[in-house]
Amino acid sequence: MKRAWKDKVFVITGASSGIGRATALALAKKGAHLVLAARREEPLDDLAQQCEALGIRCLAVLTDVTDSAAVRALATQALHAFGRIDGWVNNAGVYLVGRLEETPDDAFRQVMETNFFGTVYGSRAALAQFRHQGRGTLVNVSSVYGSTAGPYVSAYAASKFAVRGFSASIRQEFEGTGIHVCTILPASVDTPLWQHTANYTGWRARPVEPVYSPERVARAIVHVLAHPRRELFIGPSRRAFTVLHSLLPALTEKSLRSMTDAKHFEHQRQPRTSGNLFRPMSQGIGRSAGYRSPARQWFKRLLLAGGLVATLASLRRTAAARRLGLQVVNALGA
Ligand SMILES: NC(=O)c1ccc[n+]([C@@H]2O[C@H](COP(=O)([O-])OP(=O)(O)OC[C@H]3O[C@@H](n4cnc5c(N)ncnc54)[C@H](OP(=O)(O)O)[C@@H]3O)[C@@H](O)[C@H]2O)c1
């Protein structure tokens, strides 16, 4: 299996923390060579060293994905170093919470510049090289908010819907060429995104449960790089919301609003901030940010196990009742 990855070359944007960082490590462990991009130098260099220690070649390129020339230069540097690109992951992204009325125009626009136009520039650069090679896999990271929007995320949801629609369109343009375009739609993930978020609500934001690990998303990205598919949701509960939304849109939107109000914020005030929209932040350089504490996970597992036991017990009771009913029916000769 490792042989299949050996000497393959992948570009990952937004690699300095979170999902991008986890994806880089997952690919490095498989033996692939990497080109890592983000704005923060120190965490990127540190990651490159970690990856190289796993025996692969790694190039860190400081890149702001809102700058189309910088993204083209990223592709050029990757080709200079490795001679080809097998896969490109447009993962760089920013988050913003705030009512539309509270969100400044420039902040709204910067979310689109990063999440959507950053993906457009990355896709153009990658697809030009893939066309030249006659093969390659592009992975664009959208979000469950690219499928069903909640309140207070109008800029983010617009950008992620745009990524999803854009990817679906170019996927069809490359149909049958050996070039694949895949979209990843994760639910809440435990990453520094929640420390980096722009926030105009006045309340500290937190991911809505259930929260998945960045490693789980990284595994999904690695999987589609090896076995391309159109779209992949990560987080069954939010996928269920998408299905529910197509069946009962008004009810789903009402419950999304209540769920967001109840679960998306801490009981802690926070001053308005543009987070890492315009400038990278020094904090939040790891893969995760502690939203999935082991104690909490164990507690959830216990609850789940308790629920399963209760369900099994009630099923047994139902089966026993059914058996008893059958005996009575038999005894009555019905
Ligand atoms: N965490 C979640 O719950 C979740 C759920 C669904 C989808 N996603 C998506 O997953 C992707 C990764 O996010 P994450 O959760 O891993 O958050 P994160 O830890 O904040 O990572 C975001 C990455 O994007 C980079 N970035 C931001 N602006 C950039 C710019 N202008 N140019 C280049 N790089 C930039 C950041 O690095 P620098 O600051 O160093 O540039 C960082 O490496 C994003 O697209 C996000 O929307 C996340």
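With N set to the number of residues, divide the alpha-carbon radius of gyration of the stretch 1-105 by 2.2 N^0.38 Å and report two decimals.
1.16
Give the cysteines in the chain for which no other Cys Cβ lies under 4.7 Å away, or write none if there are none.
Result for the chain is Cys182, no neighbouring Cys Cβ within the cutoff.
Taking R0 as 41 Å, what's the FRET efficiency between Thr177 and Arg3 from their Cβ-Cβ distance, rounded to 0.05?
0.95
Please report, in Å, the Rg and the Dmax of the stretch 164-205, where both are computed over Cα atoms only.
16.7, 49
Straight-line reach from Lys6: which lysines fall under 27 Å, measuring Cα to Cα and dropping same-chain residues less than 8 apart?
Lys29, Lys30
For the chain, which DSSP H helices look membrane-span-like by this rule: Cα extent along the axis of 24 Å or more and mean Kyte-Doolittle of at least -0.5?
Long hydrophobic helices here: 154-173, 294-332.
So what are the chain's ellipsoid semi-axes, whole angstrom, largest first, if each one is the square root of 5 times an eigenvalue of the alpha-carbon gyration tensor?
39, 26, 20
What's the Cα-based Rg to Rh of the stretch 140-189, Rh via Kirkwood?
1.06
What is the chain's relative contact order, in percent, from Cα pairs under 8 angstrom and six or more apart in sequence?
With pairs under 8 Å counted, the relative contact order is 18 percent.
Computed FRET efficiency, Cβ-Cβ of Gln283 and Leu248, R0 41 Å: what is it to the nearest 0.05?
For Gln283 and Leu248, the calculated efficiency is 0.50.
Around Val94, under 14 Å between beta carbons, what's the net of Lys plus Arg minus Asp minus Glu among the other residues?
Summing Lys/Arg as +1 and Asp/Glu as -1 gives +2.
We did not get these values from a lab; they are worked out from the coordinates using the rules stated. All values reported here derive from a predicted model rather than from experimental measurement. Counting neighbours? That spans all protein chains shown, and the Cβs are built from the backbone with ideal geometry, glycine included.
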